[in-house]
Amino acid sequence: MADTGIDFQKALNPQQYEVVVNGQGPCLVLAGAGSGKTRVLVYRLAYLLSLGVKQQNIMLVTFTNKAAREMITRSEVLLRQDLKKLWAGTFHHIGNIILRRQAKLLGYSADFSIIDRQDSQELVADCIEELGFHKSGKLFPKKDMIVNIYSLAVNSLQGIEDIIGRFYPHIQEYALEVKKIIGRFKKKKKESNVMDFTDLLYLWNKVLDLDFVRSKYAGIFENILVDEYQDTNRLQFEILKKLASRHKNILAVGDDAQSIYSFRAADINNILDFPSVFENTKIFKLETNYRSTPRILNLANEIIKHNKAQFPKELSAVNKDGPLPVLVKVDDVYKQAEFVAKEIANFNFEGVNLADIAILFRSRFQALEMEVELIKRNIPYIIRGGVRFFEQAHIKDVLSFLKILVNPSDEISFKRALCLYEAIGRKSAYKIWVKLVKEKKSSESILASLGQKQKAGFKKFSALFFRIKKESLPCEIINIICNSYRDYCHVSFDNPEDRLSDLEELAKMARKYNSIKGFLEDISSYEEFKGESLAAGSGGSREVLTLSTIHQAKGLEWTVVFLIGFREYDFPHPKSLKDDRSLEEERRLFYVAVTRTRKFLYITHPLKKYSYREGMVITRPSMFIRQISPDKYKEMDFTRQNAYYSGGGDDDFYI
């Protein structure tokens with residue numbers, strides 16, 4: 001063994017040390033939340049090099065280039081040497097390197113171009129036009145949706161029809177056309193000598209089907225280290241199996257309890273099936289948590305034990321104990337926002353930086369009232385991995401109709417609204433606006449100047465405006481628009497039901513207003529605040545709070561976490577109630593949310609929920625909290641004037 005000067009046993013806890021020194025052969029490392037998985041990978045890499053394994057015979061595969069750079073940097077500091085010969089990076093990065101060398105075997109030249117997602121979408125748009133599907137006069141699935149379907153099918157090793165049936169049942173009638181478009185899309189890419197990111201994996205796997213290529217690279221990679229293994233898809237799993245087929249030294253680090261990305265084709269069975277696929281697998285467990293307090297982990301352990309498809313683990317804390325997690329009962333989403341904002345202000349006053357506080361939620365629509373409350377109180381925040389509520393495309397689409405009612409000369413809103421209708425593009429929308437607003441032409445004369453398919457779209461547009469002009473209440477107008485918008489939403493977005501939930505939340509917010517003008521003025525004031533808080537989050541000196549979906553929060557941590565909207569039919573997602581696998585993933589999502597916090601956790605449950613169809617309904621807390629022993633959390637009642645904690649203990653206090 002080469003003398004690296006590293007005392008591995010002193011640097012690692014016993015569980016970590018066992019992985020680092022005994023990680024030969026097929027190894028599955030079940031790394032619980034906050035258990036130091038990156039440290040294990042860095043030290044395992046250092047240990048291999050200390051044994052004399054050459055850099056060029058090691059592959060370290062991660063899910064982000066940032067993670068790869070961090071591990072390499074830490075390893076270089078640890079070893080005091082550069083690691084330029086190491087095969088390290090994302091699956092796509094390593095696949096790109098190998099495909100450059102083997103491209104001719106697949107009918108490509110080595111100088112192929114890599115196109116990004118936007119380029120792929122434009123190429124699909126060309127295919128739609130070439131096949132004539134844009135001339136149908138009907139609403140047709142959007143280019144980005146078709147690219148997503150292709151990517152999901154390839155990464156999950158499923159057929160196009162299977163993906164549409166599972167994830168896009170609302171466009172089932174277009175399945176044949178979508179399949180033809182994807183066939184043309186693949187052909188055009190090859191003719192142009194270009195690959196997209198999906199192809200980098202698909203074609204890498206395909207070239208490994210050639211015996212001599214597989215033998216070559218399986219020989220090169222004596223040791224394979226895989227980070228975030230629970231997030232791999234079936235295609236990546238096949239690639240890893242082929243690369244590990246000779247030396248069989250594959251060390252996969254992941255946590256089945258944090259597998260939450262099935263909608264991106266991640267497959268929990270990759271981790272569950274690992275011991276049966278790779279013979280003589282060693283299973284290691286990292287259960288020492290360096291992030292959270294014992295009481296947080298007690299709740300997390302209790303949550304996940306209800307899942308059947310898992311490798312059981314029991315996280316234990318290094319940190320000293322802290323307060324119990326708190327289940328907070330509030331009247332409605334407005335009181336929820338008030339409670340959370342007040343608590344954030346209190347924590348900040350007591351010295352907790354806003355950057356150490358996060359508000360997490362299951363679905364995007366749950367954050368609307370929270371955003372409004374933060375803006376009113378001038379608390380700066382950022383939305384992680386997304387745009388603010390009023391910046392979203394579907395929100396702007398619906399609001400464009402209201403803006404035209406108040407200001408008929410609004411060209412931008414007019415064109416946005418009109419382009420939602422079949423066969424009407426921006427050029428034709430502008431011509432219609434000029435005739436209707438500038439030249440004061442009648443709808444009848446405009447119809448006479450349009451083509452047959454454009455006429456149908458303009459008639460629908462006019463009929464909707466005729467109807468909403470009769471209404472005065474913004475909430476009623478929004479609901480009418482949403483009913484008309486529903487079909488467009490289903491063929492335009494991957495998550496139409498979530499977006500329609502956003503719009504229902506917008507309508508609920510509008511119930512407080514008697515005029516469209518007042519409603520739009522308030523929204524404009526929210527937009528005015530936007531620039532200040534975003535600037536603060538993007539390099540300004542001010543600290544900012546984080547708002548995030550749980551999916552976007554994975555891998556992060558805060559001192560204080562508020563999990564909002566924790567009630568039935570919001571969490572777990574209603575669609576998951578029909579399928580045990582989906583329900584277990586929702587429970588894993590809850591587990592991920594809880595394990596993001598270091599010390600303080602508040603879970604809020606609004607009692608009342610307003611639905612346009614059902615009116616006001618009373619809701620219960622999520623089924624997940626009802627499965628947990630009451631001694632794992634405290635209850636707080638914020639529905640009374642003097643809110644208080646129930647139960648006793650040294651950490652009681654009044655709000």
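Sorting the segments 249-256, 228-235, 577-584 by their mean number of nearby beta carbons within 10 angstrom, highest to lowest, gives 249-256, 228-235, 577-584.
If I stretch the segment between SER109 and LYS206 completely, what's the gain in nm (0.36 nm per residue apart, minus their alpha carbon distance), one decimal?
On the way: separation 97, 0.36 × 97 = 34.92 nm, distance 1.58 nm.
Gain on extension, SER109 to LYS206, equals 33.3 nm.
Rounded to the nearest 5, what is the percent of antiparallel bridges among the DSSP beta bridges in the chain? Antiparallel bridges make up about 15 percent of those DSSP assigns within the chain. Sorted on the mean count of surrounding Cβ atoms within 10 Å across their residues, most packed first, peptides 558-564, 162-168, 425-431 read 558-564, 162-168, 425-431.
For the residue pairs LYS190/LYS242; LYS142/LYS396; LYS305/LYS634; LYS186/LYS242; LYS469/LYS508, the alpha carbons lie more than 22 Å apart in LYS190/LYS242; LYS186/LYS242.
What is the sum of charges around GLN310, taking Lys and Arg as +1, Asp and Glu as -1, for the other residues whose C-beta is under 15 Å from the C-beta of GLN310? So the surrounding residues net to -4. Can you give me the pair-distance distribution of segment 58-213, C-alpha pairs, 5 Å bins, whole percents? Reading the bins upward from 0: 1, 8, 16, 16, 16, 13, 11, 8, 5, 3, 1, 1, 0. VAL434 contributes an accessible area of around 30 Å² to the protein surface, as traced by a 1.4 Å probe with all chains present. The slack between ALA448 and LYS84, meaning 0.36 nm per residue of separation minus the straight C-alpha distance, is 124.2 nm.
Send over a whole-number figure in Å² for the accessible area per residue of segment 81-229, probe 1.4 Å.
On the way: 6800 Å² over 149 residues.
Heavy-atom accessible area per residue stands at 46 Å².
Net charge of the neighbourhood of ILE478, taken over other residues with C-beta under 12 Å away and scored Lys/Arg +1, Asp/Glu -1, is -4. Here the mean projected area of the convex hull built on the C-alpha positions of segment 426-475 is 4.2 nm². Shown for segment 4-50: the carbon plus sulfur share of the solvent-accessible area, taken with all protein chains present and a 1.4 angstrom probe, equals 47%. Across every direction, the projection of the convex hull enclosing the Cα atoms of segment 196-340 has a mean area of 12.7 nm². Ligands, DNA and RNA are left out, and with a 1.4 angstrom probe the accessible area of segment 271-340 is 43 Å² per residue. Ranked from largest to smallest solvent-accessible area, with a 1.4 Å probe on the protein heavy atoms, HIS605, HIS490, HIS93 come out as HIS93, HIS490, HIS605. With the helix formula -39500 (n - 2.57) applied to DSSP H stretches of n ≥ 4, the chain reaches a computed 222 nm mean residue ellipticity of -14500 deg cm²/dmol. At a probe radius of 1.4 angstrom, the accessible area of segment 33-79 per residue rounds to 38 square angstrom.
Each peptide in 470-483, 77-90 receives the mean, over its residues, of other Cβ atoms within 10 Å, and ordering these scores from highest gives 470-483, 77-90. Considering all different alpha carbon pairs of the chain, the Kirkwood hydrodynamic radius works out to 27.6 Å. For the chain, a crude dipole built from +1 on the beta carbon of Lys and Arg and -1 on the beta carbon of Asp and Glu, taken about the Cα centre, is about 1720 debye to the nearest 20.
The values are calculated or read from the model by the stated rules, or taken from the named source; none is laboratory data. In this text, all values refer to a predicted model and were calculated from it rather than measured experimentally. Every residue, glycine as well, gets a Cβ built from its backbone with ideal geometry; the counts of neighbours run over all protein chains shown. Remember, those area values only see protein heavy atoms, side chains included, never the ligands or the DNA or RNA. Shrake-Rupley method; radii C 1.70, N 1.55, O 1.52, S 1.80 Å.
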